[in-house]
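Working notes, beginning with the structure itself.
The values are calculated or read from the model by the stated rules, or taken from the named source; none is laboratory data. Here the structure is a predicted model, which is why all the values come from computation and not from measurement. Note that each Cβ is placed from the backbone with ideal geometry, even for glycine, and that neighbours are counted across all protein chains shown.
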């Protein structure tokens, strides 16, 4: 509770409004209004100062009231009997305070002893003010700490009783003299009572704010705990994802190397074997020398591809030429080696593709031609590279024996990655691969990838 009385008492009571609120809500409220350890330390310091005031303040106010009242005793007209009575009351007030300071070792809570202490102190203050209005300097102590000493149901009554004492002092002394004295006393008492109610309302609001702060801090602590748990779970999940990503990267690299070895070394060795078989069966030395030179060129080409595959570089055919030229050379050399009529065509406006796209389409073409040579027994092959706006299409058609696409083809010990490998290559760059084939009517293969230009 916070109250105010008239005159200079209001300033003291405004201080009490802040101080007692902090003390009532305790250290938890201090934590809510501050940040970290510094706030808790500041609240503890305020509590210590208010505890010191409640312990020594009554002595100081009694001393000031005694000094001022006795200095003006002659002007007020105190009799000898009144002086002796005030002296006895002052002694009783000192003894009361000594007893209470010893009984209340810590910050007091509302109790019967606290209620008795407050009531006796009020009686002493009222009696002293009756004898001399200037003893109100001591009576004003009733406004401080009422919420610690009195139960909630008695707190307003105690504050009102203090307001009565101070109103009597401010109206010229007790009892009021004459009709105007009672009117002035009633007016001042009304003002003081309104101030008591106003500051009590502010105190209730501040106390509610303190409770809300404590609840907010508790909720924040629970939220922080949950957040920490979530962070720990995320850290564990992140570590798990790193392991999975590393494993996926290793698996992807293994697939890449397997595909590169199949597309370069395996096909190159197949071509070399074919050329050497022709050399072994050739009767004409010139023809044998020609196929031997081709085998040597294939061996060198395969060696270069192997080195580039290890370093994840572009195919040799793309080292100096763009995709159209590289495909044209590949198709031409393949036709010369196999004796199959092979034709390459470009449609649309040629674009300089991203290295990954160009390498993928070239590898798909090489694999398709290799499969045609091994399985199709074709007489003619057509390869078409089409630039169509935002995508590029590679079509390979042959007039060979064909096959049934719905029938699963078993991988032979010498077999390659075939259609699965080509499809995986296309999907790796957000493309697709479609196959149209029929037994006895050839095969048509189409790879479609997005057109991504080369980064310059």
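Among the residues here, residue 172 qualifies as in the same structural domain as residue 79 (by TED's automatic domain parsing) and at positive phi. The numbered conditions (1) under 33 Å from the mean Cα position of the chain (by Cα); (2) within 23 Å of residue 83 (Cα to Cα) are all true for residue 170 except (1).
So is residue 419 assigned to a strand (DSSP E or B) and in contact with a helix residue (DSSP H, G or I) (Cβ under 9 Å, 6 or more places away or on another chain) or not? So residue 419 does not fit the description; no.
For the range 335-349, indicate whether the set of residues that are in contact with a helix residue (DSSP H, G or I) (Cβ under 9 Å, 6 or more places away or on another chain), in a loop (DSSP other than H, G, I, E, B), over 24 Å from residue 268 (Cβ atoms) and in the same structural domain as residue 445 (by TED's automatic domain parsing) is non-empty. No, there is no match, as no residue in the range 335-349 is in contact with a helix residue (DSSP H, G or I) (Cβ under 9 Å, 6 or more places away or on another chain), in a loop (DSSP other than H, G, I, E, B), over 24 Å from residue 268 (Cβ atoms) and in the same structural domain as residue 445 (by TED's automatic domain parsing). Scanning the range 365-394 for residues that are on the phi > 0 side of the Ramachandran plot and without any contact (Cβ under 8 Å) to a residue 40 or more places away in the chain turns up just one, 377.
Taking the criterion of being assigned to a helix (DSSP H, G or I) and exposed (fewer than 15 other Cβ atoms within 10 Å of the Cβ), the residues of the range 97-115 that qualify are 98, 99, 101, 102, 103, 112, 113.
Flag: residue 172 matches the condition of being in contact with a helix residue (DSSP H, G or I) (Cβ under 9 Å, 6 or more places away or on another chain) and within 20 Å of residue 73 (Cβ to Cβ).
With the condition kept exactly as written, say whether any residue in the range 436-450 is surrounded by 16 or more Cβ atoms within 10 Å (Cβ to Cβ), at pLDDT below 90 and part of a loop (DSSP other than H, G, I, E, B). Within the range 436-450, not a single residue is surrounded by 16 or more Cβ atoms within 10 Å (Cβ to Cβ), at pLDDT below 90 and part of a loop (DSSP other than H, G, I, E, B).
Only residues that are modelled with pLDDT under 85, over 27 Å from residue 350 (Cα atoms) and buried (at least 17 other Cβ atoms within 10 Å of the Cβ) were counted in the range 385-427, giving 3. For the residues 230, 306, 212, the requirement of being at pLDDT 75 or above, surrounded by 12 or more Cβ atoms within 10 Å (Cβ to Cβ), in a helix (DSSP H, G or I) and on the phi < 0 side of the Ramachandran plot singles out 212.
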